[in-house]
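Below you'll find the structure, written out as structure tokens, and then a few comments.
The values are calculated or read from the model by the stated rules, or taken from the named source; none is laboratory data. The shown structure was predicted, so the numbers you read here are calculated from the model rather than taken from an experiment. Here the Cβ positions follow ideal geometry from the backbone for every residue, glycine too, while neighbour counts run over all protein chains shown. When the accessible area is computed, the model is the full protein with side chains, heavy atoms only, and any ligands, DNA or RNA have been set aside. Shrake-Rupley method; radii C 1.70, N 1.55, O 1.52, S 1.80 Å.
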Amino acid sequence: MADQENIPALLRVLNGERLERPPIWIMRQAGRYLPEYRELRTRAKNFLDFCYSPALATEAVMQPLRRFPLDAAILFSDILVVPDALGQKVWFVEGEGPRLEPLIGQQDWRFGETEKAIQRLAPVYEAVERIKAAIPKDTALIGFAGAPWTVATYMLQGRGGDKDDARMEVYRRPEDVDALLEVLIETTAQHLAAQVKAGADCLQIFESWAEGLPPQMFQRVVIAPTRKLVARVRELGVTVPIIGFPRGAGAQIGAYAHETQVTALGVDTQTTADQAREAAPIGMPIQGNLDPLTLVVGGKALEDAAQDVLIAFRHGPHIFNLGHGITPQATPENVAKLVNLVKGGV
Ligand code: CP3
């Protein structure tokens, strides 16, 4: 049997082990709260070019690892490279967020082929290879993609914000939305499998827009497509653990955790540890869920909140993380303090 000490702590927990000190990584750990990231970002003419540069993406991943003893690295990329690779126009407006040419209002929805999309995403897999070679052996490498519904909402609406237009489109054009989700399931499955082939040790599926869906629609656009996606990833020969993060799923997290076949459940800020453990299958590893705003405020508020998370989740396999991505207003000093605290320092 392999020596447990050589297996990254994150993977041990994803295998169902409970560790005295949970492994920690931070959603959006490479990002604008780091001055060196802001500097690096100026070297690419736009955000997608940045994502498609294996050298810049690798450097972005290494920046937080140099500062903090994190247990995982996450590929630097974005969930919207998939629509971009499928031929939908995607751009990022500084200070506002992503924009796409919306499908809503178009008569026919046409997409490129999966095979071509995966070819266009080759720089992402090259980045994974480079990152894998650059990170320490005890640091797990996480690959990721957006879940079909979350990516579909951006494709439908052309932007984030409230998801009312996407939800109305499910009522108005259910067959067309199903067809869109099918394209996303196949392309995303191949995208995830290619990341694992290139060196990712585990995967996370970001379902950032699970909120506000009535139960039947949640089944149709979140659970069924995610279950198909996970099954397809497995069919492609992938055996690594998969973390599902259905942000805002509320009362539906139990159905999500039981029915999608994900290995571990990521929980958002508003979910209690007890709710998550009761809702999930027995022994399922749970990831979360510190309020990212405590990393802006710092001090005793941060210490207390981090201790609360440690205590609340201590009875089962736990991966320490935030309940949502870190904000640009967070400080590196507060992140250092958090990582130290979770690792057992003072
Ligand atoms: O976590 C990491 O360090 C890995 C990189 C990563 C990014 N985006 C880089 C990024 C990951 C995992 C994502 C996922 C992502 N992208 C999600 C799911 C997670 C979530 O936050 O709910 C979503 C919804 C997107 C789409 C997206 N990309 C948005 C809404 C934005 C704008 C956000 C903002 O704060 O302005 C992006 C841009 C983006 N993706 C940035 C980064 C570091 C900031 C843009 C920049 O640096 O100019």
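Restricting attention to segment 279-298, the residues being open to solvent by less than 10 Å² (accessible area, probe 1.4 Å) and under 12 Å from L265 (Cβ atoms) number 5.
Condition check ((1) more than 14 Å from the ligand (Cβ to nearest atom); (2) modelled with pLDDT of 95 or more; (3) of a type in the set (A, V, I, L, M, F, W, C); (4) open to solvent by 60 Å² or more (accessible area, probe 1.4 Å)) across all residues:
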{"residue": "M1", "(1), (2), (3), (4)": "yes, no, yes, yes"}
{"residue": "A9", "(1), (2), (3), (4)": "yes, yes, yes, no"}
{"residue": "R12", "(1), (2), (3), (4)": "yes, yes, no, no"}
{"residue": "P22", "(1), (2), (3), (4)": "yes, yes, no, no"}
{"residue": "R32", "(1), (2), (3), (4)": "no, yes, no, yes"}
{"residue": "C51", "(1), (2), (3), (4)": "no, yes, yes, no"}
{"residue": "L56", "(1), (2), (3), (4)": "no, yes, yes, no"}
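Within segment 58-72, restricting attention to residues that are within 11 Å of the ligand (Cβ to nearest atom) and not in a helix (DSSP H, G or I), which residue is farthest from K343 (Cα to Cα)? Restricting to residues being within 11 Å of the ligand (Cβ to nearest atom) and not in a helix (DSSP H, G or I), the top hit is A72. For I242, the test of being over 16 Å from A280 (Cα atoms) and within 16 Å of the ligand (Cβ to nearest atom) is failed.
Picking from E129, E211, E186, which residue would you name as being surrounded by fewer than 22 Cβ atoms within 10 Å (Cβ to Cβ) and under 18 Å from E259 (Cα atoms)? Please lay out each step first, then the result.
Details: E129 fails: under 18 Å from E259 (Cα atoms); E186 fails: under 18 Å from E259 (Cα atoms).
Matching residue, one of E129, E211, E186: E211.
Among the residues of segment 236-257, write down those that are within 25 Å of D201 (Cβ to Cβ) and not β-branched (V, I, T). Residues satisfying the conditions are L236, G237, P241, G244, F245, P246, R247, Y256, A257. Only one entry of I142, I104 meets the criterion of being surrounded by fewer than 18 Cβ atoms within 10 Å (Cβ to Cβ) and in contact with an Asp or Glu (Cβ under 8 Å, 6 or more places away or on another chain), and that entry is I104. Would it be correct to say that G95 is open to solvent by 30 Å² or more (accessible area, probe 1.4 Å), farther than 30 Å from A9 by Cβ and within 9 Å of the ligand (Cβ to nearest atom)? Answer is yes for this residue. Exactly one residue out of A257, A301, A276, A305 is part of a helix (DSSP H, G or I), open to solvent by 10 Å² or more (accessible area, probe 1.4 Å), in contact with a Leu (Cβ under 8 Å, 6 or more places away or on another chain) and of a type in the set (G, A, S): that is A305. In segment 189-204 there is at least one residue matching the filter, namely being within 16 Å of the ligand (Cβ to nearest atom), open to solvent by less than 20 Å² (accessible area, probe 1.4 Å), in a loop (DSSP other than H, G, I, E, B) and not basic (K, R). Taking every residue in segment 90-101 that is over 13 Å from F50 (Cβ atoms) and pairing it with any residue that is basic (K, R) and open to solvent by less than 90 Å² (accessible area, probe 1.4 Å), at least 6 positions away or on another chain, the pairs with Cβ-Cβ distances below 6 Å are V93/R99. Tally time: how many residues in segment 147-180 are at pLDDT 95 or above and either over 18 Å from D78 (Cα atoms) or among the acidic types (D, E) (or both)? So the count comes out to 17. Can you tell me which of L75, L156, L121 is within 11 Å of the ligand (Cβ to nearest atom) and buried (at least 17 other Cβ atoms within 10 Å of the Cβ)? The match here is L75.
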